[in-house]
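Beneath this line is the structure, given in structure tokens, with notes to follow.
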Amino acid sequence: MESNQKPNHLIHETSPYLLQHAHNPVNWHPWNEKTLSMAMDEDKLVILSIGYSSCHWCHVMEKESFEDEKIARQNASFIKDNLLKDGLLYRTIKEGRPSIPGFLEDYAFIIQGMIRLYKATFEEAWLKIAEDLLYIVIENFYDPNERLFYYSSETSERLIDRKKELFDNVIPSSNSVMAQNLLRAGHLMGNSRWIEMATQMATITWDLLNREPDYMSNWGTLYLMLSNPMAEVAITGKKAVTYRQEIDKYYHPNKVVCGTVSGSALPLLENRNPLKDETIIYVCFNKTCKLPVKTSEEAIKQLNSLA
């Protein structure tokens, strides 16, 4: 595969399957003793990807999933224009009209996608959609007594018993995705209440994770996020997206990233207006920032110091 992307550690492998991922914007390492020893020495979590050389995603959707922002925008715009009506999210379209109100999983994954699209583009319209949907979910799905979310909305057809989805299966549970959404959006938007809600959800499910770890994998990711410092990266200037791409080549999952080329009212970007010809990166933790830097390499060093 031809690419301008700097190759990762798979470039030295002989396997055709591994080589086709050598230019992914992920710092992949081959599975071997050297990699395991390095992870142990650096006290880092090992994330294992098991693939199959004929899978649809590997061959057909690889470029779209990693590189094509145009398709991501088209998909998000379709959802915004066709499935968001009268302040609610719908899960299907029938004869050109939205049909069947969304369940918690629909809201959770759309919010997650909008947050990720914002990170990829720094276009705040997507983040605003995520924010609006979060408020809708809290109003219509949240159980303040158990501090978890129902699967169905309070505005939906009344059921004998409104269930809550907790176990992660092939698809992560809607509650675990919502908890991560609250945590990331809370840091991005300076909403301490959302961070508190995510922390409460983790506390409530702690015993269940210990009893049934095979069915709580996405909750485990949440616990890792809460047990380590959440880095807040703010980038201002015309190279903001480029610098974000360079920073994301290095695995540091416990971070939120925001950026602007012209100024923003987001809490992490407020009063950090871009300079004329410079792009500045601020690496912060708990609203306390290190000295601003002008290269992605310097920012990565600051991120590593927080790990």
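Distance between the C-alpha centres of region 242-307 and region 118-176: 29 Å, rounded to the whole angstrom.
In sequence order, region 112-127 has phi-based couplings of 4, x, 5, 5, 5, 5, 4, 4, 6, 10, 6, 8, 6, 4, 5, 5 Hz under the Karplus curve 6.51 cos²θ - 1.76 cosθ + 1.60, θ = phi - 60°, and Gly or Pro positions carry x. Classify region 203-277 as rounded, prolate or oblate from the Cα gyration tensor: take a ≥ b ≥ c as the square roots of its eigenvalues, call it rounded if a/c is under 1.5, otherwise prolate when a/b beats b/c and oblate if not. Prolate, since a/c reaches 1.5 and a/b exceeds b/c.
Backbone geometry of region 179-195 corresponds, through the Karplus equation with coefficients 6.51, -1.76 and 1.60 at θ = phi - 60°, to 3J(HN,Hα) couplings of 4, 5, 4, 4, 5, 5, 5, x, 6, 5, 10, x, 9, 5, 4, 5, 4 Hz, x marking Gly and Pro. Calculated mean residue ellipticity at 222 nm for the chain: -13000 deg cm²/dmol, from DSSP H runs with n ≥ 4 weighted as -39500 (n - 2.57), summed, divided by the residue count and rounded to 500. Shape analysis of the chain places it in the rounded category; the axes a ≥ b ≥ c from the Cα gyration tensor give an a/c below 1.5.
Across region 274-288, computed HN-Hα scalar couplings (Karplus, 6.51 cos²θ - 1.76 cosθ + 1.60, θ = phi - 60°) run x, 7, 4, 10, 10, 10, 10, 10, 10, 10, 10, 9, 6, 6, 10 Hz from first to last residue, x flagging Gly and Pro. Please work out whether region 68-227 counts as rounded, prolate or oblate from its C-alpha gyration tensor, where a ≥ b ≥ c are the square roots of the eigenvalues and a/c under 1.5 means rounded, while otherwise a/b larger than b/c means prolate and anything else oblate? Taking the square roots of the gyration eigenvalues as a ≥ b ≥ c, region 68-227 is oblate.
Just so you know, all these numbers are worked out from the coordinates, no wet-lab data involved. Here the structure is a predicted model, which means the values were calculated and not measured.
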